[in-house]
Amino acid sequence: MERDKTEPEEQQNKLQKTVHVLTWIFFVPFTVAVFLVLAVSFCTTIYYDLYQESDLPRFGRENVPLLVLLMLCVLAALYFLWNRQKSRVTAVPVSGKRYPLSRTMKIALLWAGAVSLYMILMVRGLATNDALRLDQIVNQFMQGDFTEVTNPGGYLFVYPFQIGYVAAGQLLYVLFGASNYMVYQLLNLAAILITIRMLYQITWELFEDHIVCNLMAMLSMGLLFLFVYSTFVYGDIWSLAPETAALYLTIRYLKYHKVSDILWGGVLNGCAIVLKTNAYIALVAMVIILILDTFRSGENGKLSGKKVLQGIILAVLMVLISKGMTGVINTAYAGAIGINAMPKGVPSSTYFAMAMQEGGGEGGWYDGYNVNTYNQSGYDWNVANQTALAEIGQRLTEFSERPLHAGRFYVRKFLSQWADPTCISMRELELTSRHVEGQPAMMYSVIYGKGRIVFSWIMNVFQSIIYLGAAIYCIDVFRRKKLEFTQAFLILFIFGGMLFHELWEGSSRYTMRYYICLLPLAASGMNRLCEIIEINRNGRKVCLK
């Protein structure tokens with residue numbers, strides 16, 4: 001009789017095991033990547049020289065004794081706060097309800113808001129590089145000048161995907177006037193607070209543990225690079241808020257299968273894509289997880305046709321929503337400008353070719369190959385695409401003939417992005433404030449003097465803490481031999497970012513959106529570490545299972 005009872009369960013587990021195997025395909029390399037960055041962060045760190053004209057990351061020797069000492073201080077503080085938290089009873093919300101903000105999270109949000117606002121008011125940053133060019137285009141558009149779209153070589157002729165940012169800029173122009181950078185930066189502040197709040201909600205949905213949520217809140221107070229980016233005039237920070245909210249709603253859908261959650265998630269991620277096309281990685285992760293979700297929704301070991309159809313329909317809707325939002329904007333601008341369609345822009349293949357190159361800067365980072373190739377091809381998309389494909393073929397041949405060199409190239413490219421504790425924030429801060437006069441002495445020190453060293457070290461220490469927590473989380477998953485499906489989705493998103501930027505243009509500013517999503521996993525790892533310390537203090541046997 002007992003065997004008869006378990007037989008349907010065994011059949012049901014066949015689909016679950018299939019999903020389990022598929023999730024471990026990306027969990028294992030994700031774990032390797034986390035341990036690699038953690039190990040390397042004790043040997044070297046990434047820094048940027050002052051007054052550079054482009055992003056040139058440098059590998060420098062790490063001060064290991066100081067790093068270890070500061071990490072121990074942070075860990076001791078986390079353990080002390082963890083000890084206080086565990087004695088408090090927190091009411092658990094009804095399943096499916098939003099988790100309320102704890103006092104710790106409220107303090108973390110106040111801290112994030114205060115530091116970011118201080119940076120904004122003291123730095124009074126200006127738009128630079130692409131953001132400055134786009135701001136000029138916004139002003140031109142408001143005067144009816146669309147030559148940057150229609151003329152070959154115009155900025156939006158080459159980069160038409162930036163039209164969403166221009167649309168946002170025009171709206172801000174109408175509401176707040178021309179080039180009101182303070183408004184841009186206050187929107188950054190709002191996006192930062194929303195992002196941290198969403199990460200807190202994600203942490204609850206993944207672990208349903210109020211102590212883990214509070215640890216995540218404590219760790220978020222060390223995201224100094226994110227607070228520094230509040231002064232950055234561009235779409236990167238704006239896009240974090242809707243993208244992180246979309247991740248949260250996707251996780252809720254995977255838990256409760258409320259269709260409205262995933263549809264709103266698609267809309268929000270579509271908004272993120274309009275502001276920053278990097279958010280397409282989140283879309284890909286959402287589509288993949290929806291497909292995998294159909295495998296675990298079977299009955300009696302068989303796929304449910306209804307669930308499969310629903311998963312396919314929702315996945316298609318995610319793509320249509322995102323493409324539809326960008327398509328509407330492109331069509332509207334093409335009509336306003338008086339052209340049939342927006343230009344195709346520089347071929348994507350030029351980015352992939354650039355990502356494989358070694359030049360004067362860091363290998364695989366931006367070196368102008370894409371726009372230079374397009375220019376030399378007379379802005380003929382087909383010619384530029386063929387040139388780039390030939391370059392890719394040549395690089396693949398070189399890598400196949402020198403596999404060790406290829407391995408070193410991609411490992412170094414990976415580390416130059418993921419082992420950068422500042423995510424280029426300090427360089428961007430210096431660039432943003434380069435032409436601003438009359439800044440307070442303290443802020444001047446943060447940008448150019450000893451304060452800059454202090455800020456960089458805080459980011460350095462917290463990066464190692466976050467990767468340490470993520471590594472402990474990974475060990476815990478291996479020990480339990482079980483990876484929760486909702487947690488697998490977040491890991492899929494992060495690993496997708498790791499993989500994509502190995503193949504695409506490298507930059508630790510781009511990887512920032514994935515790095516912050518390590519916080520929930522790191523908080524779980526820190527919770528496990530505190531439990532182990534507590535067990536050892538009490539003289540009991542350590543049990544990781």
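The values are calculated or read from the model by the stated rules, or taken from the named source; none is laboratory data. Remember, predicted model here, so these are calculated numbers, not experimental data. Neighbour counts run over all protein chains shown; Cβ positions are idealised from the backbone, glycine included. The accessibility values were calculated without ligands, DNA or RNA, using every heavy atom of the protein model including side chains. Shrake-Rupley method; radii C 1.70, N 1.55, O 1.52, S 1.80 Å.
Checked across the stretch 167-190, the condition of being under 19 Å from Asn129 (Cα atoms), surrounded by 19 or more Cβ atoms within 10 Å (Cβ to Cβ) and free of Cβ contacts under 8 Å to residues at least 40 places away in the same chain holds for at least one residue.
Note on the stretch 352-391: among residues that are aliphatic (A, V, I, L, M) and within 28 Å of the chain's Cα centre (by Cα), the one that is most open to solvent (accessible area, probe 1.4 Å) is Val371. The single residue among Ser464, Ser456, Ser416 that is under 15 Å from Tyr48 (Cα atoms), surrounded by 15 or more Cβ atoms within 10 Å (Cβ to Cβ) and within 18 Å of the chain's Cα centre (by Cα) turns out to be Ser416.
Consider Leu404 carefully, then state whether it is surrounded by 13 or more Cβ atoms within 10 Å (Cβ to Cβ) and within 30 Å of Phe42 (Cα to Cα).
Values: surrounded by 13 or more Cβ atoms within 10 Å (Cβ to Cβ): no; within 30 Å of Phe42 (Cα to Cα): yes.
It is false that Leu404 is surrounded by 13 or more Cβ atoms within 10 Å (Cβ to Cβ) and within 30 Å of Phe42 (Cα to Cα).
Please specify each residue of the stretch 16-59 satisfying the condition of being among the basic types (Lys, Arg) and either at pLDDT 85 or above or at positive phi (or both). Within the stretch 16-59, Arg58 is the sole residue that qualifies. Looking only at the stretch 28-54, which residues are under 22 Å from the mean Cα position of the chain (by Cα) and open to solvent by less than 40 Å² (accessible area, probe 1.4 Å)? Answer for the stretch 28-54, where residues must be under 22 Å from the mean Cα position of the chain (by Cα) and open to solvent by less than 40 Å² (accessible area, probe 1.4 Å): Phe30, Thr31, Ala33, Val34, Val37, Leu38, Val40, Ser41, Thr45, Ile46, Tyr48.
Take the conditions (1) under 25 Å from Ala39 (Cβ atoms); (2) open to solvent by 60 Å² or more (accessible area, probe 1.4 Å); Phe409 misses just one of them, which is (2). Among residues of the stretch 441-468 that are touching a residue at least 24 places away in the same chain (Cβ under 8 Å), those with a beta-carbon under 7 Å from a residue that is open to solvent by less than 60 Å² (accessible area, probe 1.4 Å) and among the aromatic types (Phe, Trp, Tyr) at least six positions away or on a different chain give the pairs Met459/Phe225.
If only residues of the stretch 191-204 that are among the hydrophobic types (A, V, I, L, M, F, W, C) and open to solvent by 10 Å² or more (accessible area, probe 1.4 Å) are counted, the one that is farthest from Glu484 (Cα to Cα) is Leu193.
So which residues in the stretch 429-460 are in a helix (DSSP H, G or I) and small (Gly, Ala, Ser), if there are any at all? Break it down into steps so the answer makes sense when it comes.
At the first step, the residues of the stretch 429-460 found to be in a helix (DSSP H, G or I) are 429-432, 441-448, 450-460.
Of everything in the stretch 429-460, those that are in a helix (DSSP H, G or I) and small (Gly, Ala, Ser) turn out to be Ala441, Ser445, Gly451, Ser456.
Checked against the criterion of being closer than 19 Å to Thr432 by Cα, hydrophobic (A, V, I, L, M, F, W, C) and touching a helix residue (DSSP H, G or I) at 6+ places or on another chain (Cβ under 6 Å), the candidates Leu215, Leu224, Leu186 yield just one match: Leu224. Note on the stretch 481-491: among residues that are surrounded by fewer than 20 Cβ atoms within 10 Å (Cβ to Cβ) and touching a Leu at 6+ places or on another chain (Cβ under 8 Å), the one that is nearest to Leu283 (Cα to Cα) is Thr486. Of the helices (runs of 4 or more DSSP H) entirely within the stretch 212-288, those holding at least 2 residues that are within 22 Å of Val115 (Cβ to Cβ) and free of Cβ contacts under 8 Å to residues at least 60 places away in the same chain occupy 236-256.
Looking only at residues in the stretch 289-334 that are of a type in the set (A, V, I, L, M, F, W, C), open to solvent by 70 Å² or more (accessible area, probe 1.4 Å) and part of a helix (DSSP H, G or I), the one that is modelled with the lowest pLDDT is Leu309.
Annotation note: Cβ proximity below 7 Å between a residue of the stretch 32-60 that is of a type in the set (Lys, Arg) and a residue that is open to solvent by 60 Å² or more (accessible area, probe 1.4 Å) (sequence gap 6+ or interchain) occurs for Arg58/Tyr47; Arg58/Asp49.
If you take the residues in the stretch 492-537 that are of a type in the set (Lys, Arg) and either more than 10 Å from the chain's Cα centre (by Cα) or at pLDDT below 90 (or both), which one is least open to solvent (accessible area, probe 1.4 Å)? Walk me through it before giving the result.
Taking the stretch 492-537 first, the residues of a type in the set (Lys, Arg) are 509, 513, 528, 537.
Then drop every residue that is not either more than 10 Å from the chain's Cα centre (by Cα) or at pLDDT below 90 (or both), which leaves 528, 537.
Working: Arg528: 36, Arg537: 160 Å².
It comes out as Arg528.
Looking only at residues in the stretch 55-73 that are open to solvent by less than 20 Å² (accessible area, probe 1.4 Å) and in a helix (DSSP H, G or I), the one that is farthest from Trp365 (Cα to Cα) is Met71.
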